[in-house]
Amino acid sequence: MTVDSAAGTAAARTPRKRAATGKSAKKSPTELVQLLTPEGKRVKNAKTAAYDKYVADITDDDLRGLYRDMVMARRFDAEAVTLQRQGELGLWPSMLGQEAAQVGSGRATRDDDYVFPTYREHGVAWCRGVDPTNLLGMFRGVNNGGWDPNSNNFHLYTIVIGSQTLHAVGYAMGIAKDGADAGVVAYFGDGASSEGDVMEALNFAAVYNAPVVFFCQNNQFAISHASEKQFRVPLYERAAGYGFPGVRVDGNDVLATLAVTRWALDRARSGEGPTLVEAFTYRMGAHTTSDDPTRYRSDDERVAWEAKDPVLRLRRHLEAHTKTPDSFFSDLEAEAEALGKRVREAVRAMQDPDRMAMFENAYADGHALVDEERAQFAAYQASFADTVDGEA
């Protein structure tokens, strides 16, 4: 990507003014790839031509499938938020508003591709075939994950910010040496882009031409830290500094996200190396259920982004440009409610784990310190009385 030379010269002449105002060099979102407008109209012009071919095979049934994915993911997410508020989960990171970025990119992957998520990729997990109820065990405190990563090529959620990008690059380097015809997708957020792990991962991927797509969901807030306080230029432009392509896509446009991710994965599988995709979107909910976004965001801002709602955008397109009957939407609503009920019942039925189990998988062959800690914890547990006033 090129930067306007005149603008660059002007910026070089006024460094003190920039530092004083603290304003970023954030560009207009009009530069992003968009195939569906917020009103649901299909965009086709010279700018989109490079990506149109990657969704040329998408039928009306496929569009309805993408809509179903987003609706089901949103309903699951809403149920998880409610369960946390009721005390059934310790914490929950909502994905509200990011459904298109996740479903579009998730549906671009093949079964043999491997995905490394953060802790918010509930929509991607849905697309990879992970049972939604399995995502909740960790947040209820009954397990450390809840699914076999190799069953769906979907890694366990990563809480440590940015570390999964290094894991993804290492895995990508490995499958490249094995000669596999597959790609890897590493998800991270705009806040994680400031972590050293992410920068190291970008550099390693470039040097070793790893078949990996770095997929950044820029929801514009690293918890309460706004993006204009994190970086001076659009995130996707960082890719040029490492020597590979970067592109910004409308993260609320499921069709554009699907197309761009397909393009990036095609590059990876064909040996052309890494790509950085910045999905420009908005986190309509809180960072997690322990966060209060009203302390740092205005209601007007949220209302403006609600008009760009990814689910509503595709529904408008389906209603105006396809022969989608009303029964499709009503049947889907009933299906989503059934999912919410199933999730609710599954969480409440989860059994507490054996307290001693936390010592079992720390080391493969045992460890003296772990053995000592296990004995201390067992003695501590045994110190509690089993009866009160003679009653069990």
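A Gaussian network model of the chain, with springs between Cα atoms under 10 Å, assigns the largest mean-square fluctuation among His155, His317, His225 to His225. For Tyr380, neighbours were defined as the other residues whose beta-carbon sits under 12 Å from its Cβ, and their charges (Lys and Arg +1, Asp and Glu -1) total +1. Straight-line cross-link reach from Lys229 at under 13 Å between alpha-carbon atoms covers these aspartates and glutamates, not counting any fewer than eight positions away in the same chain: Asp190. Extending 7 Å from the Cα toward the beta-carbon at both Ala364 and Glu337 defines two label points whose distance is 5.2 nm. Not counting the cut sites, what is the longest span of the chain without GluC sites (Glu not before Pro) that DSSP labels loop and that have at most 12 other Cβ atoms within 10 Å? Excluding the exposed sites themselves, the longest stretch runs over 40-359. Projected label points at Arg295 and Ser151, each 7 Å from Cα along the beta carbon direction, are separated by 3.8 nanometres.
Per residue, how many Å² of accessible area does the chain show with a 1.4 Å probe?
Numbers: 19050 Å² over 392 residues.
Per-residue value: 49 Å².
Accessible-area rank, largest first, for Ser194, Ser105: Ser194, Ser105, with all protein chains present and a 1.4 angstrom probe. Taking trypsin sites (Lys or Arg not before Pro) across the stretch 36-83, the ones in a DSSP loop with at most 15 further Cβ atoms lying within 10 angstrom of their Cβ are Lys41, Lys44, Lys47.
In whole angstrom, how long is each semi-axis of the equivalent ellipsoid of the chain, when you take the square root of 5 times every eigenvalue of its Cα gyration tensor and sort them from largest down?
Working: eigenvalues 277, 146, 103 Å².
That gives 37, 27, 23 Å for the three semi-axes.
Here the dipole of the chain is about 2140 debye; that uses its Cα centre as origin and unit charges on the Cβ of Lys and Arg (positive) and Asp and Glu (negative). Quick check on the chain: of the DSSP beta bridges with both residues there, what percent are antiparallel, nearest 5%? That works out to approximately 15 percent antiparallel. Taking Lys and Arg as +1 and Asp and Glu as -1, the other residues whose beta-carbon sits under 12 Å from that of Arg238 total -1. If R0 equals 51 Å, the separation of the Cβ atoms of Ala226 and Met356 corresponds to a calculated FRET efficiency of about 0.70. Legend: residues Ser151, Ser163, Ser327, sorted from most to least accessible area (1.4 Å probe; ligands, DNA and RNA excluded), read Ser151, Ser327, Ser163. Taking the helices alone, the chain has a mean residue ellipticity at 222 nm of -13500 deg cm²/dmol, built from -39,500 (n - 2.57) per DSSP H run of at least 4 residues and averaged over all its residues. Quick one: if the Förster radius is 30 Å, what FRET efficiency do His321 and Asp112 give, using the C-beta to C-beta distance and rounding to 0.05? After rounding, the FRET efficiency stands at 0.35.
The values are calculated or read from the model by the stated rules, or taken from the named source; none is laboratory data. Since we're looking at a predicted model, the values are computed, not measured. Neighbour counts are summed over all protein chains in view; Cβ atoms, including those assigned to glycine, are modelled from backbone coordinates with ideal geometry. Accessible surface areas use protein heavy atoms only, side chains included; no ligands, DNA or RNA. Shrake-Rupley method; radii C 1.70, N 1.55, O 1.52, S 1.80 Å.
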